[in-house]
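Structure first, then comments.
Coordinate-derived values only; no laboratory data. Here the structure is a predicted model, which is why all the values come from computation and not from measurement. Every residue, glycine as well, gets a Cβ built from its backbone with ideal geometry; the counts of neighbours run over all protein chains shown.
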Amino acid sequence: MKLTLEESDFITQIVQQESTAQFDLTLSKPEAAQLKQWLSTLSKASDVQLLAKINSQLMYFPAHIDAQSDGDLTVSCELPSIVDINNHYRHWRTKELEHTQLRSSHLPCPFKVLSLSLSGLVVRTFPYKAHSLINQFTDVTVNLTLAQQNNVRFDVTLGRIINDTTIALEIMNIHDGYAHLKQAIFESYNQQ
């Protein structure tokens, strides 16, 4: 696996920092034997990943648990996959939702919706450039028209600019149409 420069710098920074254990755990002999047996069974039955969350970074380490001939376990990890969550705890889908449009009273044209959840949405900003819409999508109320012509009204704030024609918006407060929004999300994920 080839790491980007940012990933390499981040791993170097984390490895160089001194850390102390949050708590010490002492197991009795039967508990330790049971834990060893459980870890050995787990490693044979599945892929194991060690997850570390540091600030806005999630690091997934592929882990291997090897049982030695004396019964001791050795845990080793490969280089991690690093995800910058930065308050976004999910990945965005990039498949346009049919008949779903976002409208803002500040702008004359509707925007196509690429992804939708109860916490946010991704919209295609064409014909506008995403950077020119920062003020129009910062703490404003918008309307979402769903496939069955149901409307949802909620407040949004700019989550992030994904590229020049796509932005992620965070839903802050849903005023009207919460049940319609939940139904539309359920239906769109069932179609995948």
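Evaluating 6.51 cos²θ - 1.76 cosθ + 1.60 at θ = phi - 60° for every residue in segment 111-122, the Karplus couplings come out as 10, 6, 9, 9, 8, 8, 8, 6, 9, x, 8, 10 Hz, glycine and proline recorded as x. Subtracting the Cα-Cα distance of Ile134 and Arg103 from 0.36 nm times their residue separation leaves 9.7 nm of extension gain. Potential lengthening of the chain between His175 and Asn163 amounts to 1.4 nm, from the contour at 0.36 nm per residue minus the alpha-carbon distance. Each peptide in 30-37, 75-82, 123-130 receives the mean, over its residues, of other Cβ atoms within 10 Å, and ordering these scores from highest gives 123-130, 75-82, 30-37.
Couplings for segment 136-147, taken from phi via the Karplus curve 6.51 cos²θ - 1.76 cosθ + 1.60 with θ = phi - 60°, read 6, 10, 10, 6, 10, 9, 10, 10, 10, 9, 9, 4 Hz in order; Gly and Pro are left as x.
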